[in-house]
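K.L.:
Below: one structure in structure tokens.
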Amino acid sequence: VLSLFALDATGEHPTLRSTTPCGGHWPRDLSLHPTARFLYAANERSGDVTWFTVDEKTGTPVRTGSLRLPAASCVAFG
């Protein structure tokens, strides 16, 4: 599960805003694309990488797609 938190004005107290299923089993790595528009979850035990479009106004990730990759352990941008 991906959890989205908002911080109060002091930046010290988080409040849960939403949760989104990660799209697989055993998410080992989360990677935010350099543009901050996409989030990727490498789900090791289900053997896939799921990606999400990040809503620009709310920051909420919305599942966009998935790719089968056995033993996926990370996502790197080069």
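K.L.:
Hey, any hits in region 50-57 for a residue that's over 20 Å from Ala6 (Cα atoms), touching a residue at least 12 places away in the same chain (Cβ under 8 Å) and in contact with a strand residue (DSSP E or B) (Cβ under 6 Å, 6 or more places away or on another chain)?
P.N.:
Within region 50-57, one or more residues are over 20 Å from Ala6 (Cα atoms), touching a residue at least 12 places away in the same chain (Cβ under 8 Å) and in contact with a strand residue (DSSP E or B) (Cβ under 6 Å, 6 or more places away or on another chain).
K.L.:
Moving to a separate point now. Residues that are of a type in the set (Lys, Arg) and more than 10 Å from the chain's Cα centre (by Cα), at least 1 per element: which strands (runs of 3 or more DSSP E) completely within region 25-78 meet that?
P.N.:
Result: 27-32, 61-68.
Bear in mind that the values in this text are calculations on the coordinates, not laboratory data. Keep in mind the model is a prediction, meaning the values are calculated, not measured. Note: ideal-geometry Cβ built from the backbone for every residue, glycine included; neighbour counts use all protein chains shown.
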